[in-house]
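> I'd like to ask you about the structure that follows.
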Amino acid sequence: MSFSFSSRIPLIFSPNSKYLAAFGACVRRQFQATSKESVPLYKVTKLSRRNGEISTKYLPTSEIMHDSSIYARDLFSLQLTSKQERKTKRQIKTPRTAILPRGKQILLNFGAIRAVVGTDEVWLFDAHTVAVKEFALELQNILETEWKKHENNEEHLNVPFELIILEAVLRDTTNIFQRRLYLYEPILSRALDSVSKDIFSDGMIRIAPLQESLQAFELRVRKSLRCISDLLNNDEDMLGLLITEQHSAEKSGKIVEYAEHEKVELLLEEYGRRLNDVLYEINFLLTRLHSTQEFLQLAMSSFRNRMIRMELYIGITGLSLGIGTAVAGFFGMNLLSGIEEHPAAFYLVLGGTSLTSLVVAGSCIQFISTKSLQRDAEKHLEEIETLGNALSDMNALDVTIKNALRNSNCTMSKEEFGKALKRYHALDKIKQAEIDLLFDSLDQDKNGTLFLDDFPAYSNELIKEQDQVMLLETEEASTRSQPLE
């Protein structure tokens, strides 16, 4: 029996062909699966205050927007991670913090918690993470405890649900930051100890990841603290966080009193102080790390200086030997100089060459010696100390110039300047070097005398004083000239 493939083609692609129907069904199922996977799904845990039950499911963006009062742009503030994004190897996101009132709900993005809080229900996003799972269980225990207290005491009904959630989020985040800080301390101490013991290894490279991690941690804490500070500076937002009271006031046609924001203010101030303490501790750890880095840099600089010094000594030795080599080369040209027959020529040349080499080597060593550098450094330090002491009491300098110029016919010599400065200076003993430094700096003409024209500000002030004195004298003279009635 013969078979022809060309004869089977019309059967496959005919409208009533079962092959074409199966192919269409396969394509349709593939398209539906692809379209479903293209819609981002977010794992959400819902926790109700009434029954304390936890339910977790995947929700698309449309359902989240439909069942909540948040805006579409708020999804950027929440920084949600979809089911599809979790399949990628890395999700690098800049940490954000936000506590925003949104009508009947509150938007929270603080620490590891991303949530939408209502009057009796909270949605916890990114429920796939361990931190959110543990927080949901902890929150369930808190609500169960509050409900038991409510059964024994009716006053616990007045505790707003949103404040319970807000405090739980702040407390959980602050505790996580403090625990993380305790983890950093031994790691940093061990790293710095190992680096300090072996300063010539790649210590700077080893502590670089630790510094980067600490700086990222500092950024998270600083952003959290900034979020709380912004809320504390905005009374309207703090009132907006009381969504239960806002809802009750709206039903009764009233307005929430302005003083009610103190409930939120006291809560935020407490955790703001705790975050501030954590930030101080992080700065202390970073200061230790920077100090160690500076120590390593100084140690490496000292080692490089020793290497440079050794190279200098080798160069000086080579220069000294080069002098002898040059002399030997001159005599090695076998040219007649007239001293070949002298009985002591060899010893004279050898002694002169050696002495010249020693003088050159000694001069170079003296030039780069530590004592010479130390003398120069001490001289510069004395100049800095003199300048610092001279500028330690600027009030005395101001009064000295002002009074001395007033009482010395607008001129002042160095002796008069020194006497006046000693009289008004706060220190009992002011050195002559300090007086000379100040006088030489103020004497712009370098003629040994200070003039009133060298100080325009004092000149204008003295002219005003003289004008006032002349005015008073004129008024007094006119008063005396009037006859008494």
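Laboratory data are not the source of any read-out in this text; all were calculated from the coordinates shown. What you are looking at is a predicted structure, and each value in this text was computed from that prediction instead of being measured. Every residue, glycine among them, receives a Cβ derived from its backbone with ideal geometry; neighbour counts consider all protein chains shown.
> So if I take the centroid of the Cα atoms in the range 45-86 and the same for the range 109-141, what is the distance between those two points in Å?
After rounding, the separation between the Cα centres reads 10 Å.
> Taking θ as phi - 60°, what are the ³J(HN,Hα) couplings along the range 303-320 by the Karplus curve (6.51, -1.76, 1.60), each to the nearest whole Hz, with x for Gly and Pro?
5, 5, 5, 5, 5, 5, 5, 5, 4, 5, 4, 5, x, 5, 4, x, 5, 5
> Turning to a different aspect of this structure: Please give the net charge around Leu279, taking every other residue with its beta carbon less than 14 angstrom from that of Leu279, where Lys and Arg add +1 and Asp and Glu add -1.
Details: positive: Arg180, Arg220, Arg222, Lys223, Arg226, Arg273, Arg274; negative: Glu218, Asp277, Glu281.
Neighbourhood net charge equals +4.
> With θ set to phi - 60°, apply the Karplus curve 6.51 cos²θ - 1.76 cosθ + 1.60 along the range 221-232 and write out the HN-Hα couplings as whole Hz, x wherever there is a Gly or Pro.
5, 5, 5, 5, 5, 5, 4, 5, 5, 5, 5, 5
> Which far-off residues, 5 or more places away or on another chain, put their amide H under 5 Å from the one on Leu41, with H placed in the peptide plane?
Lys83, Gln84
> Regarding the range 205-274, what is the average projected area of its C-alpha convex hull, in nm²? Please report the intermediate quantities before stating the final value.
Numbers: hull surface 22.3 nm².
With the hull built on Cα positions only, its mean projection is 5.6 nm².
> Scan around Gln105 for amide H atoms under 5 Å from its own, H built in the peptide plane at 1.01 Å from N, and keep only partners 5 or more places away or cross-chain.
none
> To continue, here is another question. Please go through the residue pairs Lys43/Lys263; Lys57/Lys104; Lys148/Lys251; Lys379/Lys402; Lys422/Lys446; Lys104/Lys263 and name each one whose alpha carbons sit more than 30 Å apart in this structure. Spell out each step's value before the answer.
Values: Lys43/Lys263 32 Å; Lys57/Lys104 23 Å; Lys148/Lys251 28 Å; Lys379/Lys402 33 Å; Lys422/Lys446 22 Å; Lys104/Lys263 18 Å.
Going by Cα-Cα distance, Lys43/Lys263; Lys379/Lys402 fall outside the 30 Å limit.
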